[in-house]
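See structure below.
The values are calculated or read from the model by the stated rules, or taken from the named source; none is laboratory data. Just so it is clear, the model here is predicted, and its values are computed rather than measured. We place every Cβ from the backbone using ideal geometry, glycine too, and count neighbours over all the protein chains shown. Surface areas here come from the heavy atoms of the whole protein model, side chains and all, with no ligands, DNA or RNA. Shrake-Rupley method; radii C 1.70, N 1.55, O 1.52, S 1.80 Å.
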Amino acid sequence: MTEIDTSVPHSARIWNYWLGGKDNYPVDELAGDAYTAVFPGISTIARSSRAFLGRSIRYLVQEAGVRQFLDVGTGLPTVDNTHEVAQRHAPESRIVYVDNDPLVLAHARALLTSTPEGATAYEDISLFEPERILEAAGRTLDLTRPTALILSGILGHVDGHDRALDLVRRLLAGLPSGSYLSVNDGSRGTDPDYEQAQDAYNETGAVPYFLRPVDQIEAYFEGLELVAPGVVPVPLWRPEPGTDPSPIGQHGGLGRKP
């Protein structure tokens, strides 16, 4: 197994720090605090992304009847991971997590709890190998049945929109009619302060994360039937009753494969 370097900041650990998790090191806290000093809203973006994930999974289970989930680019376990939300509402749900980060692999056991009726699995495979992902997922999931593909905060790590779009299409090609795509990613056009902070972060030599215009995020759903309200700032996607959400630079949506 690849050794985990704790001397340099790591994007998954920084994200974990912003979410209030404990799986990070002082170097990550320093990097996270430096980013927050420039753009205090980053914690809101991290938490809003996680909340969108939870709401979209609840929709998939309760309203769309989906019982299989393929979560690619899983990141570090925090609260309300995909299997926890899905199995809370449908204990028979089956989930496959995919990541190829040694740090995430080291914590994968936290993702492998499951209800007796359902199943969870973890596959150590890169996003850039979609056919391998589908082959491995087929050991736990029945890919002749509708499956939800979850890409939460991962496509921004792909250098080049065309490349990201190709990966989404290749993954969806292996899923049957009635499957869903859930995407949320950092966006341009809503919050100039976020864009400035992220562009500066990308220039530090850290693993970059590219914010994309909303039309490029919408393009991931081409050929799919978008679930209302479409691709919107994540707090505005089916918000909890009684809340008054505001737009942020993180857009998400859910689409069904015809």
*Within region 109-146, how many residues are out of contact with any helix residue (DSSP H, G or I) (no Cβ under 6 Å at 6 or more places or on another chain), outside any loop (DSSP other than H, G, I, E, B) and either buried (at least 19 other Cβ atoms within 10 Å of the Cβ) or at pLDDT 95 or above (or both)?*
10
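Residues that are outside any loop (DSSP other than H, G, I, E, B), open to solvent by 10 Å² or more (accessible area, probe 1.4 Å), out of contact with any Cys (no Cβ under 8 Å at 6 or more places or on another chain) and at pLDDT below 95: does region 56-64 have at least one? It would help to see each step written out before you state the result.
To start, the set of residues in region 56-64 that are outside any loop (DSSP other than H, G, I, E, B) comprises 56-62.
Narrowing further to those that are open to solvent by 10 Å² or more (accessible area, probe 1.4 Å): 58-59, 62.
Now restrict to residues that are out of contact with any Cys (no Cβ under 8 Å at 6 or more places or on another chain): 58-59, 62.
Going one step further and asking which of them are at pLDDT below 95, we end up with none.
Within region 56-64, not a single residue is outside any loop (DSSP other than H, G, I, E, B), open to solvent by 10 Å² or more (accessible area, probe 1.4 Å), out of contact with any Cys (no Cβ under 8 Å at 6 or more places or on another chain) and at pLDDT below 95.
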*Count of region 181-230 residues which are open to solvent by less than 60 Å² (accessible area, probe 1.4 Å), part of a loop (DSSP other than H, G, I, E, B), within 26 Å of residue 258 (Cα to Cα) and not β-branched (Val, Ile, Thr)*: 4
*Within the group 23, 5, 80, which residue is within 22 Å of residue 238 (Cα to Cα) and either part of a loop (DSSP other than H, G, I, E, B) or modelled with pLDDT of 95 or more (or both)?*
80
*Could we say that residue 252 is small (Gly, Ala, Ser), surrounded by 14 or more Cβ atoms within 10 Å (Cβ to Cβ) and outside any helix (DSSP H, G or I) here?*
yes
*Give the number of residues within region 37-53 that are surrounded by 17 or more Cβ atoms within 10 Å (Cβ to Cβ), over 25 Å from residue 126 (Cβ atoms) and without any contact (Cβ under 8 Å) to a residue 40 or more places away in the chain.*
0
